[in-house]
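Notes follow once the structure below has been shown.
The values are calculated or read from the model by the stated rules, or taken from the named source; none is laboratory data. What you see is a predicted model, and the numbers here were worked out from it, not measured in a lab. Cβ placement follows ideal geometry from the backbone for every residue including glycine, while neighbour counts extend to all protein chains displayed.
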Amino acid sequence: MPVLYVATNGLSVWNSNDLGDTIGRMPSSAGMYSGSHVWALALHPADRAVLLAGTDSGIYRLDQKQGYWSHLPSPMDDALVTALAFDPADPNVILAGTQPAALFRSEDAGRSWKQLDVPMSPYVTSGFYAGDNASDTTSKDRTNDVKHWTRVTQIAFDSENARVVLAGVEIDGLWRSTDGGRAWQRVRDGLITDDIHGFGIVHDASGGRKIFATTNNGLHVSTDAGVSWTMEPIESQWQYVRSIVQRPDRAGPVFLTNGNGPPGTSGKLFRSRDYGTHWENVDLPVTLESSLYFMAANPADPNIMFAATNLGQLFRSLDGGESWSVLPRRLPEVRAMAWLPN
């Protein structure tokens with residue numbers, strides 16, 4: 001039976017041994033403070049029992065058999081770790097991203113880390129976050145005093161060429177590496193927003209692939225490994241998209257999460273049967289009360305998939321995303337999810 005892990009913003013990691021029918025919070029005695037803010041989970045590309053977590057007190061590694069989290073000391077111990085990724089060609093190489101936005105690299109499976117020289121902005125100032133519609137002049141005059149801390153939202157290695165790596169930043173654009181994550185350049189060609197949420201690499205039946213980027217203002221697609229992008233509107237009243245996941249066996253559909261903002265008051269799940277060219281709305285069993293954000297899939301069983309709204313509604317599919325059921329437990333704000341074979 002798989003084990004589901006759900007990371008929350010302030011109540012640590014929850015896990016379930018019965019496909020989500022029941023779920024409980026992992027206690028502080030399991031090695032991670034039960035009040036942790038956990039924003040990232042990363043599966044090892046080769047070892048199905050390894051899971052990393054990015055938290056407000058650094059990085060933790062799960063020993064699933066013992067049910068215990070071990071802290072991996074790093075320069076990020078006093079930062080919020082918001083993104084983690086293993087190099088699929090060499091899992092000893094791990095990249096991590098933080099809030100405020102910065103990138104770190106380990107080449108020894110997390111025993112030591114080096115901060116990379118990437119000119120990401122630590123914060124942005126924006127009238128949107130001060131309230132553009134404010135009626136009083138004083139609020140508008142103070143717009144530049146309002147800081148929105150940037151954060152790395154996702155790091156993705158190209159599954160066909162691990163030297164190409166992408167990093168998305170909220171709100172400081174899309175960054176690309178062509179040397180496995182050592183040096184980085186900002187990409188702007190075709191992007192209509194600097195608010196990058198995540199990435200999905202979609203493989204088609206002919207062996208080709210497209211890379212998708214999800215943003216606050218539409219789904220973007222690249223056919224040249226992330227050099228340039230085109231925005232492709234979806235048939236939704238909202239163009240706010242968060243996660244894109246292909247069924248892990250690459251033989252089934254692709255899924256896209258959608259909603260009306262962060263955290264939002266409504267959401268949708270979309271499915272594509274032609275590798276992201278056309279999308280259809282998936283009929284979920286209950287009304288969504290916030291934007292649909294995250295999904296969890298694993299090559300160990302492509303039929304088992306999970307999805308979560310930002311504000312804690314959980315869903316499960318046991319047939320590769322063809323049908324979905326709602327899980328009984330409602331969680332606090334969800335920030336990541338993953339499942340491992342037991």
### Summary
Residues of the stretch 177-193 being in contact with a Leu (Cβ under 9 Å, 6 or more places away or on another chain), crowded, with 17+ Cβ neighbours inside 10 Å and free of Cβ contacts under 8 Å to residues at least 60 places away in the same chain, in sequence order, are SER177, VAL187, LEU191
### Summary
From the option list THR82, THR22, single residue qualifying as more than 21 Å from the chain's Cα centre (by Cα) and β-branched (Val, Ile, Thr) is THR22
### Query
Just checking, how many residues over the stretch 158-210 are of a type in the set (A, V, I, L, M) and more than 10 Å from GLY226 (Cα to Cα)?
11
### Query
Across the stretch 272-311, what is the number of residues that are surrounded by 16 or more Cβ atoms within 10 Å (Cβ to Cβ) and either in contact with a helix residue (DSSP H, G or I) (Cβ under 6 Å, 6 or more places away or on another chain) or not acidic (Asp, Glu) (or both)?
25
### Task
Given the conditions (1) modelled with pLDDT of 95 or more; (2) surrounded by fewer than 20 Cβ atoms within 10 Å (Cβ to Cβ), report the number of the one that HIS203 does not fulfil.
(1)
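Here is a yes/no grid of residues against (1) touching a helix residue (DSSP H, G or I) at 6+ places or on another chain (Cβ under 8 Å); (2) within 24 Å of HIS37 (Cα to Cα); (3) at pLDDT 90 or above:
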position: ASP77; (1), (2), (3): no, yes, yes
position: ASP87; (1), (2), (3): no, no, yes
position: ALA109; (1), (2), (3): no, yes, yes
position: HIS148; (1), (2), (3): yes, yes, no
position: THR153; (1), (2), (3): no, yes, yes
position: GLY168; (1), (2), (3): no, yes, yes
position: TRP175; (1), (2), (3): no, no, yes
position: GLY180; (1), (2), (3): no, no, yes
### Task
Among the numbered conditions (1) free of Cβ contacts under 8 Å to residues at least 24 places away in the same chain; (2) under 22 Å from TRP238 (Cβ atoms); (3) in contact with a strand residue (DSSP E or B) (Cβ under 7 Å, 6 or more places away or on another chain), tell me where SER317 comes up short.
(2)
### Message
Step by step: first the residues of the stretch 8-46, then only those that are under 13 Å from TRP339 (Cβ atoms) and of a type in the set (S, T, N, Q), then the one that is surrounded by the most Cβ atoms within 10 Å (Cβ to Cβ). Which residue is that?
### Response
SER16
### Message
touching a residue at least 40 places away in the same chain (Cβ under 8 Å) and under 21 Å from ARG151 (Cα atoms): is that true of LEU52 in this structure?
### Response
yes
